[in-house]
1. Which of the numbered conditions does B:GLU196 fail, given that it passes all the others? Conditions: (1) within 10 Å of the chain's Cα centre (by Cα); (2) more than 10 Å from every other protein chain (Cβ to nearest Cβ); (3) not hydroxyl-bearing (Ser, Thr, Tyr).
2. Search segment A:26-41 for residues being crowded, with 16+ Cβ neighbours inside 10 Å and at the interface with another protein chain (Cβ under 8 Å from one of its Cβ atoms), and hand back the single one that is farthest from B:ASP147 (Cα to Cα).
3. Can you go through B:VAL135, B:VAL156 and tell me which one is of a type in the set (A, V, I, L, M, F, W, C), buried (at least 16 other Cβ atoms within 10 Å of the Cβ) and not in a helix (DSSP H, G or I)?
4. Identify, please: which residue in segment B:93-115 is assigned to a loop (DSSP other than H, G, I, E, B) and among the small types (Gly, Ala, Ser) and is, among those, surrounded by the most Cβ atoms within 10 Å (Cβ to Cβ)?
5. Could you tell me whether segment B:198-206 includes any residue that is in contact (Cβ under 8 Å) with a residue 60 or more places away in the chain and either exposed (fewer than 15 other Cβ atoms within 10 Å of the Cβ) or hydroxyl-bearing (Ser, Thr, Tyr) (or both)?
6. Hey, B:LEU192 hits all of (1) out of contact with any Lys or Arg (no Cβ under 7 Å at 6 or more places or on another chain); (2) among the aliphatic types (A, V, I, L, M); (3) not in a helix (DSSP H, G or I) but one; which does it fall short on?
7. I'm told B:TYR235 meets every condition in (1) more than 18 Å from A:SER65 (Cα to Cα); (2) in a helix (DSSP H, G or I); (3) in contact (Cβ under 8 Å) with a residue 60 or more places away in the chain except one. Can you identify the failing condition by its number?
8. Name the residues in segment A:42-72 that are buried (at least 20 other Cβ atoms within 10 Å of the Cβ), of a type in the set (Val, Ile, Thr) and closer than 15 Å to B:LEU229 by Cα, would you?
Amino acid sequence: MAKPKRSSTRTTDKTCDQVTALVLGYLTDNLSASVRREFEHHLTICPDCVSFLNTYKKTTAVTKSVKQGDIPTHVRDNILTFLRKRIRRIGMLVIYILTQSVT
Amino acid sequence: MSALEILKAPRPAAANCAASAIVPGMSLKSAAPRRAMRQRKSEQVNARLIERLKAGDQDALEAIFNLYSVKLYNVALRILGDAADTEEVIQDVFWTAYRKAKSFQGNSQFSTWLYRLTVNAALGKIRRSKKNKEVEYEEFLPKFQNDGHHAVRPVVDWSDTLDEKYTQREVQDLLARALDQLKPLDKSVVVLSDLEGLCDKDIAAAVGLTVSAVKTRLHRARLFLRGKLSVQLGYSAA
């Protein structure tokens with residue numbers, strides 16, 4: 001009689017340590033189907049890892065919500081003035097070099 | 001959120017590289033088709049501007065400055081944490097972009113090239129100033145017993161109570177202080193990933209790391225930030 005085949009959905013037990021290392025891959029959908037199954041199986045039996053995952057997700061959400069400011073007007077003006085002066089200086093240098101090479 | 005709710009909740013998709021590049025004036029929350037159309041249009045405008053920049057056109061430099069300066073200023077400010085240093089860095093970035101435009105081969109997005117100039121300039125400034133305020137991560141990382149279980153149990157789920165205890169402004173200030181303590185390269189990765197929404201491939205190109213190294217640094221930095229928030233709330237980082 002043929003031996004019964006092993007179920008393809010069988011999961012091995014991952015530890016909290018291993019699950020923590022896989023959190024980023026899980027949240028970005030970068031785990032293989034079998035590893036994801038093991039990860040999710042662990043969550044069903046480990047409330048500590050559920051709490052850990054929730055706080056990790058919350059941290060990322062807070063980071064993503066950090067407000068971006070505008071560039072202050074005086075900073076913008078300073079930089080543009082600096083760039084215009086530098087470009088003008090280069091232009092004058094080029095004209096000088098061309099004049100010297102002609103004479 | 002229970003384990004069952006977590007499993008049912010949709011996981012955020014990985015950032016799409018093309019979609020995560022800077023599209024001037026565009027919010028990352030825009031609808032995808034409109035985003036793709038605007039991006040194509042923006043790439044065409046960019047291509048013309050870049051050619052003019054390579055030819056030494058000052059107006060092209062100013063147009064590029066107007067398109068990208070706010071984004072790059074925010075990236076540099078987050079990495080450096082100092083307004084005066086940020087101004088110098090952004091000045092250098094645009095001057096370098098003008099002088100070295102011809103070296104841009106188009107192998108990456110133009111915005112990725114600008115991000116790279118910005119991150120390099122900011123990290124160089126930190127190295128030279130030796131004002132590094134980074135702390136040891138170890139104290140704020142999760143810890144485990146020999147059998148792989150969490151060392152401190154139960155792990156407290158403060159994800160819902162954070163907003164009850166602190167205002168949004170206070171939470172952002174807490175996080176800004178924690179971000180400031182990251183190692184400069186890790187901070188650059190977090191800023192480009194979580195604040196700018198770049199995909200791992202573009203971040204790798206911008207900071208000069210492999211995609212795998214970017215993921216490792218991003219994960220470790222997030223663990224540290226999580227630990228800092230946990231301690232701030234009176235719980236163990238472990």
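1. Condition not satisfied by B:GLU196: (2).
2. Within segment A:26-41, the match that is farthest from B:ASP147 (Cα to Cα) is A:THR28.
3. After applying the criteria, what remains is B:VAL156.
4. Among those residues, the one meeting the criterion is B:SER108.
5. No, segment B:198-206 contains no residue that is in contact (Cβ under 8 Å) with a residue 60 or more places away in the chain and either exposed (fewer than 15 other Cβ atoms within 10 Å of the Cβ) or hydroxyl-bearing (Ser, Thr, Tyr) (or both).
6. Evaluating B:LEU192 over (1) out of contact with any Lys or Arg (no Cβ under 7 Å at 6 or more places or on another chain); (2) among the aliphatic types (A, V, I, L, M); (3) not in a helix (DSSP H, G or I) leaves (3) as the failure.
7. The one condition B:TYR235 does not meet is (2).
8. A:THR55, A:THR59, A:THR60, A:VAL62, A:THR63
The values are calculated or read from the model by the stated rules, or taken from the named source; none is laboratory data. Keep in mind it's a predicted model, so treat the numbers as computed, not measured. Glycine gets a Cβ as well: all are built from the backbone with ideal geometry, and neighbour counts include every protein chain shown.
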